[in-house]
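Participant: Here it is, the structure, as structure tokens.
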Amino acid sequence: MLQPYVLTAVLLIASNIFMTFAWYGHLKNLSASPWYVAALVSWSIAFFEYLLMVPANRIGYGAMSLGQLKIMQEVITLAVFVPFSLWYMNQPLKMDYLYAGLCLLGAVYFIFRNA
């Protein structure tokens, strides 16, 4: 069986892929549609995010503190968002992504240093 950290990370990665498409995919695909259509489509996608996020949080919380679980989720969110932003949304690569990543590495250090 997978370790709780690994299983939590895998579920969070999958969850964040759905989340990112739910939150931002409509900006590309449904920009001509009314906001309520985008909201309904996004909520439909977010349903699958929650099917993965809730078990991830339950598994992770048994192995990590709440703060550690949240920081892990934020790091994964950025790791999913940057490729999505570059390849799917055709946004330019900016140094700000690197700086944000470095700040998150600092957060990882501080939240996990006494674990």
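Participant: Do we have VAL6 as of a type in the set (Val, Ile, Thr), within 22 Å of ALA107 (Cβ to Cβ) and touching a residue at least 12 places away in the same chain (Cβ under 8 Å) here?
Facilitator: Answer is no for this residue.
Participant: Suppose we keep only residues that are touching a residue at least 24 places away in the same chain (Cβ under 8 Å) and not hydroxyl-bearing (Ser, Thr, Tyr) within region 80-100. Which one would you say is surrounded by the most Cβ atoms within 10 Å (Cβ to Cβ)?
Facilitator: Taking the candidates together, the pick is VAL80.
Participant: Pairs only if they're at least six apart or on different chains, beta carbon under 7 angstrom, first in region 41-68 and of a type outside the set (Asp, Glu), second not in a helix (DSSP H, G or I); list them, first residue then second.
Facilitator: VAL41/LEU30; GLN68/ALA115
Every number in this text was worked out from the coordinates using simple rules, so none of it is lab data. These numbers were taken from a predicted model, which means no experiment stands behind them. Neighbour counts run over all protein chains shown; Cβ positions are idealised from the backbone, glycine included.
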